[in-house]
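Each remark here refers to the structure printed beneath this line.
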Amino acid sequence: MTISMPYLAKLLSSKSQELILFPTEQCNFRCVYCYEDFKIGRMSKRTVDGIKALLKQRIPELSELHLSWFGGEPLVAKDIVLDISSYATELSEHHSDISYFSSITTNAYLLTPKVFVDLVSVGVKNFQITLDGPDIIHNQRRLRANGEGTFDRIWTHLTYMQESNKQFNVTLRVHFDLKSIEYMQTFIDVLRNQFADDTRFKILFKPLENLGGPNDHLIDVVPFADRDKIISTFYQRLYRNNQTKIRDNDVNPYVCYAAKPNSLTIRANGSIGKCTVALNDPRNQIGVLQSDGTLKIDNNRLNPWFNGFSNLDENILACPLQGID
């Protein structure tokens, strides 16, 4: 597969900016496969001020701005999410030529009806929410910090969102490994009956990976060679073999956000990186945000993240760390 020139131009455009923001790196969950260490807490006022200053400086230069909320669990610090999102919305309203959108990766435990409405009102309209299969599996893996299961509350929040008349999009990320595959077929029927006819919901089946957490040994990872066939089977069941609905095939190869020159992560302590997984890898520590919005960047650490564009190597574009020594 080759990458089209219009898509390549968009990826490299200085008129587009994605900021992946960590309002806190604390979490109310302790998922068994998590790789994060939760050592950093809430985003400081200094970092909040720096982000606002950066937005004020950048928006007049942009045609597209994407704020993506990550964590930890971002809704543990929902006041910061709402504050910065409201500020970005107000700025974008004064620049009619900019396309502004915002997304959040959340475990949805704190996504109450009020919080959902508040988020949509400040432009956070794209949600990624994870289930690990039916409750019998999910409640063994996606646990609260106190050890309790979380499935029922998340499902309740999802159904409330579906019953609302708000305009939003949900990517419902459904994890699986070799241990949970036997439960997936019946659960897919439940997902289809609840969400498949609602165009605001997209189901994404995702195999679990060993990402460097202390409990990687608990995950029975699906062999890479078997994944496409298994996922294809899932989609066939979800859409009852309706070929027009089974997975969109993009004409372009997958390019990780971390490979894109216009994408940066800003952690709760103001440190700047590229990847949301390799948080403590020195290669991913490329700079720091100043309180006046200035980005203090180490170009020697930044530039290798773009190696995939030198020869359009699809493997490196999909995971740029593979191309960094």
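Please specify each residue of segment 1-20 satisfying the condition of being closer than 19 Å to residue 58 by Cβ and either assigned to a loop (DSSP other than H, G, I, E, B) or out of contact with any Pro (no Cβ under 8 Å at 6 or more places or on another chain) (or both).
10, 13, 14, 15, 16, 17, 18, 19, 20
Within segment 59-97, can you find the residues that are of a type in the set (A, V, I, L, M, F, W, C) and part of a helix (DSSP H, G or I)? Talk me through it step by step, then tell me what you get.
First, the residues of segment 59-97 that are of a type in the set (A, V, I, L, M, F, W, C): 59, 62, 65, 67, 69-70, 75-77, 80-82, 84, 88, 91.
Correct list: 59, 75, 76, 77, 80, 81, 82, 84, 88, 91.
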Item to complete: Give the residue, chosen from 210, 252, that is at pLDDT below 90, within 29 Å of residue 4 (Cα to Cα), touching a helix residue (DSSP H, G or I) at 6+ places or on another chain (Cβ under 7 Å) and not small (Gly, Ala, Ser).
Response: 252
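Taking into account only those residues within segment 121-137 that are more than 17 Å from the chain's Cα centre (by Cα) and within 17 Å of residue 85 (Cβ to Cβ), which is surrounded by the most Cβ atoms within 10 Å (Cβ to Cβ)?
The qualifying residue surrounded by the most Cβ atoms within 10 Å (Cβ to Cβ) is 122.
Do we find that residue 85 is small (Gly, Ala, Ser) and either crowded, with 17+ Cβ neighbours inside 10 Å or modelled with pLDDT of 95 or more (or both) in this structure?
yes
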Fill in: Residue among 33, 100 that is in a loop (DSSP other than H, G, I, E, B), among the aromatic types (Phe, Trp, Tyr), under 29 Å from residue 160 (Cβ atoms) and in contact with a Leu (Cβ under 7 Å, 6 or more places away or on another chain)
33
Worksheet entry | Count - residues of segment 199-231 that are over 21 Å from the mean Cα position of the chain (by Cα) and loosely packed, with under 13 Cβ neighbours inside 10 Å | 9
Practice prompt. Would you mind finding the one in 279, 238 that is over 30 Å from residue 27 (Cα atoms) and of a type in the set (A, V, I, L, M)?
Written response: 238
Discussion item. Suppose we keep only residues that are part of a loop (DSSP other than H, G, I, E, B) and in contact with a helix residue (DSSP H, G or I) (Cβ under 8 Å, 6 or more places away or on another chain) within segment 21-30. Which one would you say is farthest from residue 263 (Cα to Cα)?
Written reply: 28
Fill in: Which numbered condition residue 254 fails, given (1) out of contact with any strand residue (DSSP E or B) (no Cβ under 7 Å at 6 or more places or on another chain); (2) surrounded by fewer than 16 Cβ atoms within 10 Å (Cβ to Cβ); (3) not in a loop (DSSP other than H, G, I, E, B)
(3)
Worksheet, complete the sentence: Of all strands (runs of 3 or more DSSP E) fully inside segment 266-325, the set with 1 or more residues that are over 23 Å from the mean Cα position of the chain (by Cα), among the β-branched types (Val, Ile, Thr) and closer than 21 Å to residue 19 by Cβ is 295-297
Discussion item. Here is a list: 18, 61, 36, 25. Which entry is over 18 Å from the mean Cα position of the chain (by Cα) and either over 20 Å from residue 274 (Cα atoms) or not hydroxyl-bearing (Ser, Thr, Tyr) (or both)?
Written reply: 61
Response to the item:
Here the residues within segment 169-199 that are within 17 Å of residue 130 (Cβ to Cβ) and assigned to a loop (DSSP other than H, G, I, E, B) are 177, 179, 180
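For segment 142-168, name all the residues that are assigned to a helix (DSSP H, G or I) and closer than 30 Å to residue 217 by Cα. First the steps, then the outcome.
So in segment 142-168, the residues assigned to a helix (DSSP H, G or I) come out as 151-163.
Within segment 142-168, 151, 152, 153, 154, 155 meet the criteria.
The values are calculated or read from the model by the stated rules, or taken from the named source; none is laboratory data. These numbers were taken from a predicted model, which means no experiment stands behind them. Positions of Cβ are generated from backbone atoms using ideal geometry, with glycine treated the same way; all protein chains shown enter the neighbour counts.
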